[in-house]
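The values are calculated or read from the model by the stated rules, or taken from the named source; none is laboratory data. All values reported here derive from a predicted model rather than from experimental measurement. Virtual Cβ from ideal backbone geometry, glycine too; neighbours counted across all protein chains shown.
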Amino acid sequence: MRTLPLIIEPKDLEPLANDPDLLIVDMCKPQTYAQGHIPGAVHLEYAAIILGLKPVPGLLPDEARLSSVFSGIGLTPDKHVVAYDEEGSSRASRLIWTLDVIGHTSASALNGGIFAWANEGHPLSSEPGTPTPSQYRASIGERGVATRDYIERRLNDPSVALLDARTPEEYNGTKVRAARSGHIPGAVNFNWLDALDGNRNYRLLSDEQLRSMLSARGIRPDQEVIAYCHTNHRSSHSYLMLRHLGYESVRAYPGSWSEWGNAADTPIET
């Protein structure tokens, strides 16, 4: 198979859908998957790729659980994953971020997800995908990951930019979802939804528009950019966007505000 881009269009995926080197992963709600999905796509619950323990549910599961999850959907080291969902690719992005962390960098997100696929006339199936279980071994590395300590040691480093992917209300502290409200000092707000084009089936905006929006917020390609939200659900999409735009050093913070805002001793701005 030829090398596929990080963001793939429906028209480019359709002729490849039966390629045995491709693993198409549907991360929609189970009822959406049952109603219609890309033919051959296997379903994966979002809950399977997060630890899910309160008050910090977005942390990574351990290697044993990830190995079991990815073996269950038939992932092998040689397969290229194409992920999609029904919510602007945030779930698909979290999967791709997770794959990056374990060193499986051969993955793409379907631009516009199931909306673009269905609304633009591509085939749908209601037959469940039947993956062949594998023996995948996940090994968690440091690629793409920022921890609380990692961020605290870089708060005053001009070569590092913090991107807060939450709503403006969460960012400025008027909407409280943790013990403390506000944002990490120095972080700039770029609501992940602002990167989506609702007139084009929730695809990413054009590269030119996205670069302009990042530049207006003072985020530069020569910086290391760390994205966070509340649980690294939305900020995984920001991570994907930055990688797509060619930013070379990008990380996401899995603890995000659910960790930072629930800690008693982290610095906060409002």
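What the table shows:
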item: Residues being not basic (Lys, Arg) and not in a loop (DSSP other than H, G, I, E, B) - total across the range 1-31; result: 15
item: Qualifying residue in the range 218-240 (condition: in a helix (DSSP H, G or I), within 11 Å of the chain's Cα centre (by Cα) and among the hydrophobic types (A, V, I, L, M, F, W, C)); result: yes
item: Selection within the range 20-31 - surrounded by fewer than 16 Cβ atoms within 10 Å (Cβ to Cβ) and not charged (D, E, K, R); result: Pro20, Pro30, Gln31
item: Complete set of residues in the range 124-146 that are of a type outside the set (A, V, I, L, M) and in a strand (DSSP E or B); result: Ser125
item: Output for the range 171-190, where each listed residue is touching a residue at least 40 places away in the same chain (Cβ under 8 Å) and touching a helix residue (DSSP H, G or I) at 6+ places or on another chain (Cβ under 7 Å); result: Arg177, Ala178, His183, Ile184, Phe190
item: Unique match (being under 21 Å from Thr130 (Cβ atoms), surrounded by fewer than 23 Cβ atoms within 10 Å (Cβ to Cβ) and of a type in the set (A, V, I, L, M)) among Ala17, Ala83, Ala64; result: Ala17
item: Cβ pairs under 6 Å, 6+ apart, first in the range 254-270 and in the same structural domain as Ile49 (by TED's automatic domain parsing), second in a helix (DSSP H, G or I) and of a type in the set (A, V, I, L, M); result: none
item: Members of the range 65-97 found to be more than 8 Å from the chain's Cα centre (by Cα) and under 18 Å from Pro10 (Cβ atoms), listed by number; result: His80, Val81, Val82, Ala83, Tyr84, Asp85, Glu86, Glu87, Gly88
item: Residue within the range 130-151 that is surrounded by 13 or more Cβ atoms within 10 Å (Cβ to Cβ), over 18 Å from Glu248 (Cα atoms), modelled with pLDDT of 95 or more and among the acidic types (Asp, Glu) present; result: no
item: Meets criteria (over 20 Å from Arg154 (Cβ atoms), touching a residue at least 40 places away in the same chain (Cβ under 8 Å) and either touching a helix residue (DSSP H, G or I) at 6+ places or on another chain (Cβ under 9 Å) or assigned to a strand (DSSP E or B) (or both)) for Leu210; result: no
